Amino acid sequence: MNSKKQATLKIGNKVLSLPIIKGSEQEHAIDITSLRKETGYITLDPGYANTGACISNITFIDGEKGILRYRGYPIEDLAGKVKFTDVAYLLLHGELPNKTQKTIFSQSLRKEANIHEDMKRFFDGFPLNAHPMATLSSMVTALSAFNPVLTNDEESINKTIIKILAKVKTIAAYSYRKYHGLPFIYPNFELNYVENFLHMMFSDSEGGFHADSVLVDALDLLLILHADHEQNCSTSTVRMAGSSLSNIYGAVSSGISALWGPLHGGANQAVLEMLKTIKNDNSDYKKYINLAKDKKSSFRLMGFGHRVYKNYDPRAKIISTTAEKVLTKLNINDPLLNIAKELERAALEDEYFIKRKLYPNVDFYSGIIYRAMGIPTNMFTVMFSLGRLPGWLAHWKEMIQSPDFKINRPRQIYTGSKERNFK
């Protein structure tokens, strides 16, 4: 990882030699750990777009080339070929599970799927119209009261991670049931992770729900595509909160709150709302393509472009075909999908979008799939949370076990008043 190369920084008459860190994918970083101590200076990088906050071996992204890999595996090789729980195991442990590990992991998740009966009463404290994300973040924090973390040894950490993966799925389903005034459905231990979630979401009180395999596979795929994405806003938040040695439940809850923002996890909801607006305007997608190019217009083409990807988001390529498959299976002729296709086609052929590398991202189609499955718009970010959960947990675990672990404490440049006299 470390190279013998050094970067030279000159400030006035002082010359500082800074180590150059080299990653396994030829990424380079200048280690400025000693900068303030040696010079009194700090770096300023609003939004942290050029700042490496940690060294990690979980996920690799090359935004210029449109590459996403989990532990070295291209997302194209995982999506639709392994289960979401296999990907969760991969992110957490570094390798895909063998047959025995897969069985033990799945059984552990099923065993821990129930939440404490007393926790169900907590749901009664939320108003019927409470946003499911508010319920989810609150209930994840409450999990710590019923499942305290006693030690930070490997075994205890892994047991706690299993509990969170298993129980958050149940809480997410119960959040949906609460919002719709429906009775809670207990987990069915004969079902796999995704089937169980759909069972708890959509079964009637007699448990009479059998998920279509196309829908199960589609949701499994969506969760895999969302499982991790390097140091994004919510993952960085989990690391930041966890660096204080707050319990893991509080750290995950903070990630859920960060994901709630419309610029992060709420983007697929914004896409759906945009498509509805276009549909209500005679489906005139060309008008909105032109508005997106008009500097005087406040309209933004949602679901295009990405903070990291300057090429086609590899997840979007996978998800677009899944959207068609789900709608075909359900015999749904959704005009929003037709508008989405036309927007994508027009944008990919338009020099304005090509020059700015504004390609469709994963959010562009995911909302259409959720909508077809009967998942309401206000649950979209909850679904994102469920997918991103193993990534958050993997990063928290990596940080806690790092020999360089320390509390996160960014600096600032103060521009307020100088010292003033109090009269």
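Read the figures in this text as sums done on the coordinates, not as results from a lab. Only a predicted model underlies this, so the values are computations on that prediction, with no experimental measurement involved. Cβ placement follows ideal geometry from the backbone for every residue including glycine, while neighbour counts extend to all protein chains displayed.
If we count every other residue with Cβ under 12 angstrom of VAL238's Cβ, Lys/Arg +1 and Asp/Glu -1, where does the sum land?
Values: positive: ARG239, ARG388, LYS397; negative: ASP228, GLU398.
Its environment carries a net charge of +1.
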Report task. Enumerate the aspartates and glutamates that LYS341 could reach by cross-link, defined here as Cα to Cα under 18 Å, with residues fewer than 8 away along the same chain left out. Result -> GLU273, ASP281, ASP284, ASP313, GLU324, GLU349, ASP350, GLU351, ASP363
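Loop-only check: which chymotrypsin sites (Phe, Trp or Tyr not before Pro) in segment 360-418 are DSSP coil with at most 15 other Cβ within 10 angstrom? Each step should come with its number before you reach the end.
Values: sites: PHE364, TYR365, TYR370, PHE380, PHE384, TRP392, TRP396, PHE405, TYR414; in loops: PHE405, TYR414.
Answer in residue order: PHE405, TYR414.
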Query raised in the report: With the chain treated as a Gaussian network of Cα nodes joined by springs under 10 Å, which of ARG71, ARG300, ARG36 yields the largest mean-square fluctuation?
Result: ARG36
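Apply the a/c threshold of 1.5 to the C-alpha gyration tensor of the chain and tell me whether it is rounded, prolate or oblate. It would help to have the intermediate numbers written out before the result.
Numbers: a/c = 1.62, a/b = 1.20, b/c = 1.35.
It is oblate, given that a/c is not under 1.5 and a/b is not larger than b/c.
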Report summary line: About its Cα centre, segment 114-227 carries a charge dipole, from +1 on Lys and Arg Cβ atoms and -1 on Asp and Glu Cβ atoms, whose size in debye to the nearest 20 is 440 debye
Report task. Quickly work out the ASN152-to-ILE354 label distance, labels modelled 7 Å from Cα along the C-beta direction, and quote it in nm with one decimal. Result -> 5.3 nm
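How large is the charge dipole for segment 2-64, taken about the Cα centre, if only the Cβ atoms of Lys, Arg (+1) and Asp, Glu (-1) carry charge, to the nearest 20 debye? Mind showing how you got there, number by number?
On the way: 7 positive and 7 negative charges, 99 e Å.
In total the dipole reaches around 480 debye.
Which pairs break 30 Å Cα to Cα here: LYS81/LYS178; LYS99/LYS167; LYS102/LYS397; LYS167/LYS310; LYS295/LYS325? Walk me through the intermediate numbers first.
Details: LYS81/LYS178 34 Å; LYS99/LYS167 24 Å; LYS102/LYS397 20 Å; LYS167/LYS310 36 Å; LYS295/LYS325 37 Å.
Too far apart for the 30 Å limit: LYS81/LYS178; LYS167/LYS310; LYS295/LYS325.
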**Report entry** Residue of LEU245, LEU259, LEU386 that the Gaussian network model of the chain assigns the largest fluctuation, springs spanning Cα pairs under 10 Å
**Finding:** LEU245
Query raised in the report: Counting Lys +1, Arg +1, Asp -1, Glu -1, what net charge surrounds ILE157 among other residues with beta carbon under 12 Å of its beta carbon?
Result: -1
**Report entry** Furthest towards positive pole of dipole, ILE21, THR8, GLY52, structure part segment 2-64, Cβ charges
**Finding:** THR8
Query raised in the report: Which of the helices in the chain, when you take each full DSSP H run, stretch at least 15 Å along the axis at their Cα atoms and have an average Kyte-Doolittle score of 1.0 or higher?
Result: 132-146, 213-225, 248-259
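Can you show me the helix-derived [θ] at 222 nm for the chain, built from DSSP H runs with n ≥ 4 at -39,500 (n - 2.57) apiece and divided by the number of residues, rounded to the nearest 500.
-16000 deg cm²/dmol
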Query raised in the report: What is the sum of charges around ARG110, taking Lys and Arg as +1, Asp and Glu as -1, for the other residues whose C-beta is under 14 Å from the C-beta of ARG110?
Result: +3
Query - Top positive-direction residue, dipole computed over the chain with Cβ charges, set PRO335, GLY63, ALA113 - result: GLY63
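Please return the longest stretch of the chain lacking exposed loop sites, where GluC sites (Glu not before Pro) count only if DSSP places them in a loop and at most 15 other Cβ atoms lie within 10 Å. Kindly include the intermediate steps, with their values, before the conclusion.
Working: sites that count: GLU25, GLU27, GLU64, GLU95, GLU190, GLU206, GLU419.
Within the chain, the longest run free of exposed GluC sites (Glu not before Pro) spans 207-418.
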